[in-house]
Amino acid sequence: MAPCTVSAPAKINLHLEVLGLRSDGFHELAMVMQTIDLADTLTCVTTADGLISLQCSRDDLPTDGSNLIVRAAELLKARSGFAELGARLTLEKRIPIGAGLAGGSSNGAAALVGLNTLWGLGFSSAELEAMAAELGSDMPFCLAGGTQLCFGRGEVLEPISVAPDCLPAVLLIKHPQASVSTPWAYGRCRDLRGDFYLESEADFEQRRDALRSGPLLAALRGERPLPPLRNDLQAVVEPEVASVQEGLALLRRTPGALAVAMSGSGPSLFALFADLEQADAARQQLAPELTAAGFEAWCCRCTGSGVSLV
């Protein structure tokens, strides 16, 4: 059987609001997530030995059962009921690791899509999404992609109708040596902001409705200018991570930037521009300072789909 290749794109958070704590111990979130065209590539080849193996272009990425690709493949195989299914998986990594861009979740979602096709299992999109939700909070979004409201832990999706010419371009930066632990960021948020957490489902829903009818979605529909972006984790990460402070300061003084924010729990940072040409011009203008500070930079388009067969 011919190999199957899947594109696994990154995401950024256009909005990340921590509403409170859920009964399962996770945080209740209200987010807007957006797919960008910075993507990894997963190639899947079927084998007859019943084994799942993974190779990666990055030596520092685990390829054992801790990797979401392997976990997704094993879950899909178990749900299929065919113990003899095997696959050799190869990941070409372009998305920075541990960057708040959902690269690992997107890779896992790519394994579900690729192996469902390669093995001819015929699971529906809804069935794959349910499996994705078992594996990680961001994985259902990574399957669907585009521009979505994301509630619950992030797995409850509501598509947003966006005017295509209103989607901004992205200048994305990250310091390769910087990392932020997601559990630490949420724990720090609880320590510093827990007194302000909402507690009831009615209060959660009120905040969801405020986001649905708020200025960010109006801007994405072309009805008003883009407002400042909100990321509650940025408020606790920025004061304690030097590269986040430095990178945000650089982006904030860039001419033409419509908005600047951290993605997820960081440490990736981004500025939004009206089009890709302006984003690239800003990257070139900032290049000496970014290089001196050790940042990597990418210019990206916002896209309307998640993981997809190539």
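The values are calculated or read from the model by the stated rules, or taken from the named source; none is laboratory data. The structure presented is a predicted model; accordingly, all values stated were derived computationally and were not measured. Cβ coordinates were reconstructed from backbone atoms using ideal geometry, including for glycine residues, and neighbour counts include every protein chain displayed. With ligands, DNA and RNA removed, areas are computed over all heavy atoms of the protein, side chains included. Shrake-Rupley method; radii C 1.70, N 1.55, O 1.52, S 1.80 Å.
Residues in the range 78-95 that are in contact with a Leu (Cβ under 9 Å, 6 or more places away or on another chain) and open to solvent by 10 Å² or more (accessible area, probe 1.4 Å): 79, 80, 82, 85, 88, 90, 92, 93, 94. With a requirement of 2 or more residues that are open to solvent by less than 10 Å² (accessible area, probe 1.4 Å) and of a type outside the set (Gly, Ala, Ser), the strands (runs of 3 or more DSSP E) lying completely within the range 145-205 that satisfy it span 147-152, 169-174. Checked against (1) surrounded by 13 or more Cβ atoms within 10 Å (Cβ to Cβ); (2) modelled with pLDDT under 95; (3) over 24 Å from residue 144 (Cβ atoms), residue 56 meets all criteria but (2). Considering 45, 18, 32, the condition of being hydrophobic (A, V, I, L, M, F, W, C), under 19 Å from residue 303 (Cα atoms) and in contact (Cβ under 8 Å) with a residue 12 or more places away in the chain is satisfied by 32 alone.
Close contacts from the range 116-127, counting a first residue that is within 21 Å of residue 145 (Cα to Cα) and a second that is open to solvent by 70 Å² or more (accessible area, probe 1.4 Å) and at pLDDT below 95, with Cβ to Cβ under 8 Å and a gap of 6+ residues or different chains, come to none at all.
Say we look at the range 163-181 and pick out the residues that are closer than 23 Å to residue 272 by Cβ and of a type outside the set (A, V, I, L, M); which of these is farthest from the chain's Cα centre (by Cα)? Don't jump to the end; show me each part of the working.
Of the residues in the range 163-181, the ones closer than 23 Å to residue 272 by Cβ are 163-176, 178, 180.
Within this subset, residues satisfying the condition of being of a type outside the set (A, V, I, L, M) are 164-166, 168, 174-176.
Values: 164: 20, 165: 22, 166: 20, 168: 17, 174: 14, 175: 17, 176: 17 Å.
Among them, the one singled out is 165.
The strands (runs of 3 or more DSSP E) found wholly in the range 1-117 and carrying at least 2 residues that are closer than 14 Å to residue 138 by Cα occupy 4-21, 27-47.
Going through 68, 101 one at a time, which residue ends up being out of contact with any helix residue (DSSP H, G or I) (no Cβ under 6 Å at 6 or more places or on another chain), in contact (Cβ under 8 Å) with a residue 12 or more places away in the chain, among the hydrophobic types (A, V, I, L, M, F, W, C) and surrounded by 16 or more Cβ atoms within 10 Å (Cβ to Cβ)? Spell out how you get there, then give the answer.
Working: 68 fails: out of contact with any helix residue (DSSP H, G or I) (no Cβ under 6 Å at 6 or more places or on another chain).
One residue alone meets the criteria, 101.
For (1) under 25 Å from residue 214 (Cβ atoms); (2) of a type outside the set (Gly, Ala, Ser); (3) under 22 Å from the mean Cα position of the chain (by Cα), each residue gets a yes or a no:
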position: 236; (1), (2), (3): yes, yes, yes
position: 247; (1), (2), (3): no, no, yes
position: 265; (1), (2), (3): yes, no, yes
position: 287; (1), (2), (3): no, no, no
position: 295; (1), (2), (3): no, yes, yes
position: 304; (1), (2), (3): yes, no, yes
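Of all residue pairs spaced 6 or more apart or on separate chains, those with beta-carbon atoms under 9 Å, a first member in the range 129-146 that is under 15 Å from residue 77 (Cα atoms) and a second member that is hydroxyl-bearing (Ser, Thr, Tyr) are 132/105; 135/105.
Residues considered: 25, 122. Of these, the only one that is within 30 Å of residue 203 (Cα to Cα), surrounded by fewer than 22 Cβ atoms within 10 Å (Cβ to Cβ) and over 20 Å from the mean Cα position of the chain (by Cα) is 25. Contact map, the range 203-218: residues that are on the phi > 0 side of the Ramachandran plot paired with residues that are surrounded by fewer than 15 Cβ atoms within 10 Å (Cβ to Cβ) and in a helix (DSSP H, G or I), Cβ distance under 6 Å, separation 6+ or inter-chain. No pairs are found.
When residue 121 is tested against (1) of a type outside the set (Phe, Trp, Tyr); (2) touching a Ser or Thr at 6+ places or on another chain (Cβ under 7 Å); (3) closer than 25 Å to residue 268 by Cβ, exactly one condition is not met: (3).
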